[in-house]
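This report concerns only the one structure given below.
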Amino acid sequence: MSTQVINPKLLDKLKDKKYRDLFVASQINKLIPFQIRALRAARGMTQEELAEGAETTQSVISRIQNRGAANLNVKSLLKLASAFDVALTVRFEPIDRFIDWVDDLSPEVMSPKPSDALLEEIEREAASEDAAQNNAAEVTEWLKGFTLHEPVTITSVQVQAPNFAPKFVATSPIQLLPFMYPLAAPAISVSKGTTQRRVAAEGRTPQAALRFSPKKEVA
Amino acid sequence: MEFATLGGRGVLSQWADKEIEFEAEIEFHATLRVLEVTPRDLWTRPEYAPFDPDISEIRFFANSLQHRVFGFFLFDVNQYLMLVGATKKGKIYNPREAVETARKRRKLIVKDRSQIREYTGHKPKVAR
């Protein structure tokens, strides 16, 4: 798998302090207006609407978008953040982290969700996670009903997503891999050494899966 | 993507590295970063504008000078091909024949795509 590293050409040029300073300034000057445009598009906001929310004028928004953010102060940025209902980060960073930031211009990064909607989502997820944890505890208990030819210790149970298959991670010579419950027919992968077998239950419940003996499937 | 000489050298890489001030190079690369993540139908001013029916220009301002990079879209591969870079003072380009060069190179590429290479100078990070 390839990893991403700082572009060697850029790395070499960044050794020059003047280049470095201009690089940082240029990214801010270019990327803030770009993000303002991206956020406006994502929210369906006109320049006038944004101006109203940020307590400024449409011509100021237009100027930022067209000529850059070099003259924006923190107070103005905070007003823009408030108009978009997003947080604002202004801090001193090491250059490598700054490069990470300018490298990731994905829509998720450039058009963050409004804080209001995001906080509601977080609250809903926490409630679903509690329910899923209870569900996972029940399934963990059920797994103890299996007869395996070597003991399996379940060390952790990871809930991947609300109402989605819990993922069991077990460490031992026999490993229980992702197991589907209760959305699909329960399935278990059992591995030993390099040999892996996948066994699937016919029913949709843990009880139905008990008809299986993974022991027979392990090489 | 950029136009390459017969020897395989990228003409925009050469221009950005050797022929313009580094303030302009930084601004050029920041402009490319923004365009790269903008859907093609949203490429508009101030970074981009059509020039004539065949070629368009990437626009940026640095060191009190307007800069233009002429090119065109290779629609089938959804890539923009940069053909030549120039600075602009009033209506005068430097190099003066920049527009003509862009048109000639476009004609060449339409017939034969061998003189094309990927441009990576603007990428803050690359695969190891």
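Just give me the residues in segment A:72-88 being polar (S, T, N, Q) and loosely packed, with under 11 Cβ neighbours inside 10 Å, in sequence order.
A:73
I'd like to check which strands (runs of 3 or more DSSP E) are fully inside segment B:1-106 and have at least 2 residues that are open to solvent by less than 80 Å² (accessible area, probe 1.4 Å), among the charged types (D, E, K, R) and at pLDDT 95 or above. First the steps, then the outcome.
Numbers: elements: B:48-50, B:56-62, B:65-74, B:79-89, B:92-94.
Answer list for segment B:1-106: B:56-62.
Looking at residue A:60 and the list (1) within 14 Å of chain B (Cβ to nearest Cβ); (2) without any contact (Cβ under 8 Å) to a residue 12 or more places away in the chain; (3) hydrophobic (A, V, I, L, M, F, W, C); (4) closer than 25 Å to residue B:49 by Cβ, which single condition is not satisfied?
Single failed check for residue A:60: (1).
If you check A:11, A:39, which single one turns out to be more than 18 Å from residue B:20 (Cβ to Cβ) and open to solvent by less than 30 Å² (accessible area, probe 1.4 Å)?
A:39
If a residue must be of a type outside the set (Asp, Glu) and either open to solvent by 70 Å² or more (accessible area, probe 1.4 Å) or over 18 Å from residue A:15 (Cβ atoms) (or both), how many such residues does segment A:89-101 contain?
Number satisfying all stated conditions: 6.
What number of residues within segment A:15-36 are more than 9 Å from chain B (Cβ to nearest Cβ) and crowded, with 19+ Cβ neighbours inside 10 Å?
In the first step, residues of segment A:15-36 are kept if they are more than 9 Å from chain B (Cβ to nearest Cβ); the result is A:15, A:17, A:20-21, A:24, A:28, A:32, A:35-36.
Going one step further and asking which of them are crowded, with 19+ Cβ neighbours inside 10 Å, we end up with A:35-36.
Residues flagged as more than 9 Å from chain B (Cβ to nearest Cβ) and crowded, with 19+ Cβ neighbours inside 10 Å within segment A:15-36 amount to 2.
Quick one: which residue in A:63, A:67 is open to solvent by 40 Å² or more (accessible area, probe 1.4 Å), closer than 19 Å to residue B:32 by Cβ and charged (D, E, K, R)?
After applying the criteria, what remains is A:67.
Might you check whether a residue that is closer than 30 Å to residue B:44 by Cα and either out of contact with any Lys or Arg (no Cβ under 6 Å at 6 or more places or on another chain) or modelled with pLDDT of 90 or more (or both) occurs anywhere in segment A:115-136?
Among the residues of segment A:115-136, at least one is closer than 30 Å to residue B:44 by Cα and either out of contact with any Lys or Arg (no Cβ under 6 Å at 6 or more places or on another chain) or modelled with pLDDT of 90 or more (or both), which makes the answer yes.
Out of (1) in a helix (DSSP H, G or I); (2) more than 25 Å from the chain's Cα centre (by Cα), the odd one out for residue A:34 is which?
The single condition residue A:34 does not satisfy is (2).
Find all pairs meeting these conditions: Cβ atoms under 9 angstrom apart; at least six residues apart or on different chains; first residue within segment B:28-42 and more than 7 Å from chain A (Cβ to nearest Cβ); second residue open to solvent by 60 Å² or more (accessible area, probe 1.4 Å) and among the β-branched types (Val, Ile, Thr).
That search, which allows pairs on different chains as well, returns B:38/B:44.
Could you tell me which residue of segment B:107-128 is nearest to residue B:4 (Cα to Cα), considering only residues that are assigned to a loop (DSSP other than H, G, I, E, B) and either hydroxyl-bearing (Ser, Thr, Tyr) or away from chain A (no Cβ under 14 Å) (or both)?
Among those residues, the one meeting the criterion is B:115.
Exactly one of these conditions fails for residue A:39: (1) out of contact with any Ser or Thr (no Cβ under 8 Å at 6 or more places or on another chain); (2) part of a helix (DSSP H, G or I). Give me its number.
(1)
So that you can scan it fast, the table gives a plain yes or no per residue for (1) farther than 23 Å from residue A:110 by Cα; (2) of a type in the set (A, V, I, L, M, F, W, C):
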position: B:1; (1), (2): yes, yes
position: B:26; (1), (2): no, yes
position: B:46; (1), (2): no, no
position: B:65; (1), (2): yes, yes
position: B:69; (1), (2): yes, yes
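Those residues that are open to solvent by 60 Å² or more (accessible area, probe 1.4 Å) and not in a loop (DSSP other than H, G, I, E, B), I need them from segment A:42-59; list them, please.
A:42, A:43, A:48, A:49, A:52, A:58, A:59 - these are the residues of segment A:42-59 that are open to solvent by 60 Å² or more (accessible area, probe 1.4 Å) and not in a loop (DSSP other than H, G, I, E, B).
Look through A:76, A:62 and report the one residue that is assigned to a helix (DSSP H, G or I), more than 19 Å from residue A:25 (Cβ to Cβ) and over 20 Å from the mean Cα position of the chain (by Cα).
Checking each option against the conditions leaves just A:62.
Is there a residue being open to solvent by 50 Å² or more (accessible area, probe 1.4 Å) and either modelled with pLDDT of 60 or more or under 22 Å from the mean Cα position of the chain (by Cα) (or both) anywhere in segment A:138-157?
no
The values are calculated or read from the model by the stated rules, or taken from the named source; none is laboratory data. What you see is a predicted model, and the numbers here were worked out from it, not measured in a lab. In this analysis, Cβ positions are derived from the backbone assuming ideal geometry, glycine residues included, and neighbour counts consider all displayed protein chains. Ligands, DNA and RNA are excluded from the accessible area calculation, which covers all protein heavy atoms including side chains. Shrake-Rupley method; radii C 1.70, N 1.55, O 1.52, S 1.80 Å.
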